[in-house]
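Asks: Take this structure first; my questions come after.
The values are calculated or read from the model by the stated rules, or taken from the named source; none is laboratory data. Quantities reported herein were computed from a predicted structural model and do not represent experimental measurements. All Cβ positions, glycine included, derive from the backbone under ideal geometry; neighbour counts span all protein chains shown. The area values use the complete protein model at the heavy-atom level, side chains included, leaving out ligands, DNA and RNA. Shrake-Rupley method; radii C 1.70, N 1.55, O 1.52, S 1.80 Å.
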Amino acid sequence: MKMNNLKEKLKEYYDNYEEIINGYNQKRYVTLRVNTLKSNVDEVKKVFDNNDIKYESVSFYKDALVIKNKEEKDIINLNIYKDGKIYLQSLSSMLPPLFLSPNENENILDMTAAPGSKTSQIAALSENKVLITAVEKDKFRCERLKYNMDKLGVKKVNVINIDAQRLDDFYSFDKILLDAPCSGSGTLNEKDFNSFDYSLVIKSVERQTKLINKALKMLKKDGILVYSTCSILKEENENIINEVIKNNDVEILSHNLNLDSIPKLDTLIPNTLCVCPNKYFEGFFVAVLKKKS
């Protein structure tokens with residue numbers, strides 16, 4: 001099942017599907033997160049000003065910046081990048097840790113952690129005051145995860161090279177981030193869109209279902225699970241969450257973030273977020289669940 005079925009799916013799900021197609025075709029700005037474990041926004045802005053790098057602040061996250069006049073290759077040559085003071089990351093990717101809202105002394109699991117974008121953000125948001133277990137099943141990607149944790153100054157992290165589905169059930173966490181492997185339907189460009197293979201969605205749903213059920217087994221009572229994907233297809237998002245709600249004693253939580261600036265797609269479940277792709281954002285989905293028993 002190829003491109004036409006994806007187009008039909010988007011037409012079926014979204015009245016503004018043409019906005020999605022337009023978003024696929026736009027070139028995205030370079031975006032980054034200031035790594036507050038090693039630097040601060042004022043220091044980074046000063047470096048940018050001295051190098052004629054124009055930037056824009058982000059309303060929902062004070063540590064994020066949008067680069068308006070440079071390419072990624074220009075940013076990675078800066079010492080602040082080489083020293084781990086900034087981290088290139090999509091704005092959409094920054095949302096799940098914000099929804100997770102880590103607090104001091106919490107025990108947190110990042111189930112599919114490599115390359116460590118969200119793991120390091122969790123550490124930064126908590127000022128290195130949470131204990132993070134970061135899991136990655138691929139050995140090469142796990143080594144990259146370890147490298148990034150060291151480079152970015154993440155202190156209280158235990159990196160495990162294992163498939164998260166195989167973690168022992170005796171593990172118990174206050175909060176879990178499941179940024180689930182997905183079809184990537186929110187990150188497509190025009191070329192990718194024309195060659196999109198829907199069979200990847202079917203394969204992704206199977207793994208997503210197993211991972212989220214595993215997460216709930218390891219989550220403490222009253223614990224928080226943030227589920228996210230870089231997909232905008234309901235099969236990988238709302239359908240997964242609805243199945244979880246039906247079969248478990250969980251509830252969807254709201255958030256207190258100011259997300260007015262984010263382009264949104266309609267969702268079937270209140271208090272979940274689906275981001276429409278454009279020149280600032282990749283398509284993305286986030287839901288926050290609380291385990292009641």
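Asks: How big is the dipole moment of the chain about its Cα centre under a simple scheme where the beta carbon of each Lys and Arg is +1, that of each Asp and Glu is -1, and everything else is neutral? Debye, nearest 20, please.
Replies: Here the chain has a charge dipole of around 600 debye.
Asks: Towards the positive end of the charge dipole of the chain, with charges on Cβ (+1 Lys, Arg; -1 Asp, Glu), say which of V159, N51, L233 has the farthest Cα.
Replies: So the residue furthest toward the plus end is V159.
Asks: For segment 158-293, with only Lys/Arg (+1) and Asp/Glu (-1) charged at the beta-carbon, what is the dipole magnitude about the Cα centre, in debye rounded to 20?
Replies: Value, rounded to 20: 360 debye.
Asks: Ignoring ligands, DNA and RNA, please state the percent of accessible area on segment 127-176 from carbon and sulfur, probe 1.4 Å.
Replies: Here carbon and sulfur together make up 46 percent of the probe-accessible area.
Asks: If each residue of separation counts as 0.36 nm, what is the full-extension length gain between E243 and N69 once their alpha-carbon separation is subtracted?
Replies: 58.2 nm
Asks: At what distance in nm do the modelled label points of K203 and E127 sit from each other, each positioned 7 Å from its Cα along Cα→Cβ?
Replies: Between K203 and E127, the simple spin-label model gives 4.5 nm.
Asks: Residues in segment 249-293, backbone N under 12 Å from the label point at E18 (7 Å along the Cα-to-beta-carbon vector): list them, ranges by number please.
Replies: none
Asks: Can you list which of the trypsin sites (Lys or Arg not before Pro) found in segment 44-102 are DSSP loop residues with at most 13 other C-beta atoms within 10 Å?
Replies: Answer in residue order: K54, K68.
Asks: Would you indicate which of (i) 54, 46, 37; (ii) 67, 41, 35; (iii) 55, 41, 34 is the value of Cα extents along the principal axes in Å derived from the coordinates of this structure?
Replies: After the calculation, the listed value that fits is (i).
Asks: Here is a further query. If you take the charge dipole of segment 153-216 about its Cα centre, with +1 on Lys and Arg Cβ and -1 on Asp and Glu Cβ, which of N189, Q208, F173 is farthest toward its positive end?
Replies: The listed residue farthest towards the positive side: F173.
Asks: Something else now. Label segment 5-120 by shape, choosing from rounded, prolate and oblate, from the square roots a ≥ b ≥ c of the eigenvalues of the Cα gyration tensor; if a/c is under 1.5 it is rounded, and otherwise prolate applies when a/b is larger than b/c, oblate when it is not.
Replies: The shape class here is oblate.
Asks: Same structure, new question: Can you pull the one-decimal nm distance between simple spin-label points at E56 and N158, each 7 Å off the Cα toward Cβ?
Replies: About 4.3 nm, to one decimal.
Asks: Which translational diffusion coefficient, to the nearest whole µm²/s, is obtained for segment 104-205 from the Stokes-Einstein equation, given a Kirkwood hydrodynamic radius over C-alpha pairs, 10 °C and 1.306 mPa s?
Replies: Taking Rh from Cα pairs, D becomes 107 µm²/s.
Asks: Continuing with this model, one more query. Treat each spin label as a single point 7 Å out from the Cα along the C-beta direction, and report the S172 to R144 distance in nm.
Replies: So the label points at S172 and R144 sit 3.6 nm apart.
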